[in-house]
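Step one of this worksheet: look at the structure below.
Read-outs throughout are calculated quantities, based only on the coordinates presented, and are distinct from any laboratory measurement. The shown structure was predicted, so the numbers you read here are calculated from the model rather than taken from an experiment. Cβ: placed from backbone, ideal geometry, glycine included. Neighbour counts: every protein chain shown.
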Amino acid sequence: MGNNDIWIEFNNITKEFPGVKALDGVSFGIKKGEVLALCGENGAGKSTLINICSGLYKPDGGKVVVKGEEVHFRSARDAEDAKIATVHQEIPACLNMTIAENMFLGPKPPSKMPLLDRKYMNEHTRERLEVFGLTCSPGDKMGRLTLAEQSLINILKALDSEPEFLILDEPTSSLADAQKDILFAQIRKLREGSGVTVLYVSHRLEEVMEIADRVVVLKDGQFVNSKPISETSMDDIVRMMVGRDVEVANVYTERSVGDVAMKVTGLNRGRILRDVNFEVRRGEILGFSGFQGSGRTEILRAIVGLDKVNSINVEIEGKPVRIHRPEQAVQHGIAMISENRRDEGVIPNFDVEKNIIASSLKRVSNGLFINRSKTREQTQRYVDMMSIKLSSGKQLMMNLSGGNQQKVIIGRWLMSDPIVLLCDEPTRGIDVGAKSEIHSILMELANQGMAIVVVSSELPEIMTISDRILVMCEGRMTGELKRKEFSEEAIVALASDLSIGARAS
C-alpha cells in the first residue's frame, strides 16, 4: 500500500504509566475508507492507543502521522479539529442535562445571540434519534436513559461531527441485536459513501468478522500481527491475542444446591415489572435472560433498593427483610455487581486498595481509623484469588484494564461476605480470557455455597454458567428452563412470548 492510501499511521509508539509499559514500539497504518478491528486482551494497550489518537494522552516515543503529516495532539480539541471522532466505552455523559444538550456539547453550539437555538437543537436531535429508532425525547434527561440509550446518543453525537476517522470502543457492549445491525449499516454507509476510516475495538469476535476489513492484534502493549478478515478466523484471533487456545465451554460443573437463600415475591413496578416471583438456592447460579427492556436489570435494582417499586417482598434464608437503600441490602447479605461499571462500580481516582475495602470498612478499621496492615492483607487476598494484574494495591483503578477493574469490583463485594451475589452483565466489555476467568470465579463461588443471580444479554454466556434460566418479556416472567432444556431457540421463543401464542393455538 502506498503512503497516500494511509489515513493514519503509528510509528514505534511507546507509552508508560507507573509500573506498566502500556505500549511498546507499536507500528501499523490504517487505510482511508478501511474498517480496521483492533483486538487484544484487557491490558493489551488498545485503550491507550485510542487515547493517543483522541488527544487525551501524549506518546512517550514514536510518532503519529495523519494524512502524511506528523501530528502532536495537545488536547481532545486538537484531535477533533483533525476530524477524529471517538466514542469511548466508558465516557461519562452529562446525566443532569438533556439529550439535545448532550448532542450539542462542543465548540460551536447553535445560538441566536445571546441564547441557544433550542428549537433547532431539539428538531435536529429528534431526527438523529430516529436513525436508531429511539423513542426518547430530545428534552429527556440523560440520567433517565438506559446504558444502551446513552451509548447510542454518544455514537450519534460522534456521527454528527462528520468525522474522517471514527473510533468506536466496544460500541455494542450494551446494545440489542437490532441496534447493532443499525450501527453496522451506518458504518458501511460511512465507509462506502464518504470514505470514512473506522477503528473498531471489540471483544465480540463474531462482530469483528462481520464488520471489519482487517484485524490488528496487540498483546502486552506490543504489535502481534495484522491480517485481512478474509484470511483469518475467530480461533486465529484468539490465539494471537492470548498465545494459546482458550476453552470457555467446559467451565460448568454440576453441584448439589442447598436451601433457599433468597425468595422474591410480588415484585411490581408499573408496566416495567409485573408480578415477578422467584427463588434462588445456596450453591445455585440462576440466570435471567430476555431482550433489552424486558425487565431483567430492573429486578436486580429493585431488590437492592436502587429503584422505587409498587410492591416487593424479599426473604433471606426464610426471614423477611425490608430494603430501601443499597447499604441495607449489604447488611442483609445481598451484594450487586452493576451493569454500569463506569458510574456505579469503580471509583476511578481511588487506588485498588480503597476500591476493594469501600463496602467493608468495618473489617479493616480500628474505631475511627483504617488499619493499613489489614487493608493490604485483604487487598492481596482478593488480588490473589482472582488473579488481578496490577503493579501494587496503590495503582489507580483508572489505570487498570476493564477485566481487572471488574475483578476488583467482584473482590469488593466478596469482602462483604454476601449470601446472595447479584451480577448484572458481569463480563460486559471484557476479553475472552478475562471472561473465562470470571466464569470460573462465579462457578467456584457457587461450589462454595453462595447463591448467585446473573443477568446477561449473551445467550452463550447465560447457558454456559447457569443451573436454571428464567426468561423475561415486557416485565413478566414467561418461562423457566432447567439445564437439560437450554437452547438458544427455547430462550428466544420465551423472550419473544412465542410460547404463549403456541399454547393458545
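Using every pair of alpha-carbon atoms in the chain, split the distances into 20 Å bins beginning at 0 and state the percent of pairs per bin, rounded to integers.
With 20 Å bins starting at 0, P(r) equals 21, 55, 24, 1.
Just order 469-481, 181-193 by mean Cβ neighbour count inside 10 Å, highest at the front, would you?
Per-residue Cβ counts within 10 Å, averaged per peptide and sorted highest first, yield 469-481, 181-193.
Measure of size requested: the Rg and Dmax of the range 227-385, with Cα atoms as the atom set and Å as the unit; please supply both.
20.5, 63
What's the angle, to the nearest 10 degrees (0 to 90), between helix 372-385's Cα axis and the longest principal axis of the chain?
80
Would you kindly state how much longer the chain becomes between Ala76 and Met234 on full extension, computed as 0.36 nm times their sequence separation minus their alpha carbon distance, in nm to one decimal? Could the numbers behind the result be given before it?
Details: separation 158, 0.36 × 158 = 56.88 nm, distance 3.34 nm.
In short, 53.5 nm is gained.
Which FRET efficiency value, to the nearest 0.05, do you get for Asn447 and Phe17 by plugging their Cβ-Cβ distance into 1/(1 + (r/R0)^6) with R0 = 45 Å?
In this case the efficiency is close to 0.80.
For the chain, calculate the relative contact order in percent as a whole number, restricting contacts to Cα pairs under 8 Å that are 6 or more residues apart. Can you show the working numbers first?
Values: 966 pairs, mean separation 79.7, N = 505.
Once normalised by length, the contact order is 16 percent.
Which value in deg cm²/dmol, rounded to the nearest 500, describes the helix-derived mean residue ellipticity at 222 nm for the chain, given -39,500 (n - 2.57) per DSSP H run of n ≥ 4 and division by the residue count? Walk me through the numbers on the way to the answer.
Values: 18 runs with 166 residues, N = 505.
Theoretical 222 nm ellipticity from helices: -9500 deg cm²/dmol.
For Gly45, enumerate residues with amide H under 5 Å from its amide H, sequence gap 5+ or separate chain, H modeled in the peptide plane.
It is Gly221, by chain and number.
Over the range 352-505, what per residue volume does the convex hull of the Cα atoms give, in whole Å³? It would help to have the intermediate numbers written out before the result.
Details: hull volume 20.8 nm³, N = 154.
Enclosed volume per residue, from the Cα hull, is 135 Å³.
For Val453, what residues show an amide H to amide H distance below 5 Å, using hydrogens built from the backbone and excluding near sequence neighbours?
Result for Val453 returns Leu286, Leu421, Leu422, Cys423.
For the chain, what is the percent of antiparallel DSSP beta bridges, rounded to the nearest 5? All intermediate terms of the calculation are to be shown ahead of the outcome.
Values: 48 of 82 bridges.
Taking every DSSP beta bridge with both residues in the chain, the antiparallel ones total about 60 percent.
Kirkwood Rh over alpha-carbon pairs of the range 94-159, then Stokes-Einstein at 37 °C and 0.692 mPa s: what D in µm² s⁻¹, rounded to an integer?
Estimated via Stokes-Einstein, D reaches 276 µm²/s.
Any idea what the alpha-carbon Rg over 2.2 N^0.38 Å comes to for the range 17-156? Can you show the working numbers first?
On the way: Rg = 18.0 Å, N = 140, 2.2 N^0.38 = 14.4 Å.
The reported ratio for this selection is 1.25.
Kindly express, to the nearest 10 degrees and within the range 0 to 90, the angle between helix 177-189's C-alpha long axis and the longest C-alpha principal axis of the chain.
Result, in degrees: 0.
Where the centroid of each part is defined by its Cα atoms, how far is the range 379-398 from the range 269-303 in Å?
Here the two parts' Cα centres lie 32 Å apart.
Could you give the C-alpha radius of gyration of the range 343-417 expressed as a fraction of 2.2 N^0.38 Å, taking N as the number of residues it contains?
Working: Rg = 11.3 Å, N = 75, 2.2 N^0.38 = 11.3 Å.
The value comes to 0.99.
How far is helix 402-415 tilted, in degrees, relative to the longest principal axis of the Cα atoms in the chain, given as a value from 0 to 90 rounded to the nearest 10?
Once rounded, one gets 20 degrees.
Is there a pair in Lys32/Lys157; Lys31/Lys157; Lys31/Lys227; Lys21/Lys46 whose C-alpha atoms are over 18 Å apart, and which pairs would that be? Don't skip to the answer; put the middle values down first.
On the way: Lys32/Lys157 22 Å; Lys31/Lys157 24 Å; Lys31/Lys227 14 Å; Lys21/Lys46 13 Å.
As for pairs spanning more than 18 Å Cα to Cα, those are Lys32/Lys157; Lys31/Lys157.
Sorted by mean Cβ packing within 10 Å, highest first, what order do the peptides 362-368, 229-235, 281-287, 127-133 take?
Numbers: 362-368: 10.6, 229-235: 13.0, 281-287: 22.6, 127-133: 15.1.
Highest mean packing first, the order is 281-287, 127-133, 229-235, 362-368.
So how do Glu9, Glu149 line up by other beta-carbon neighbours within 10 Å, fewest first?
Lowest count first: Glu9, Glu149.
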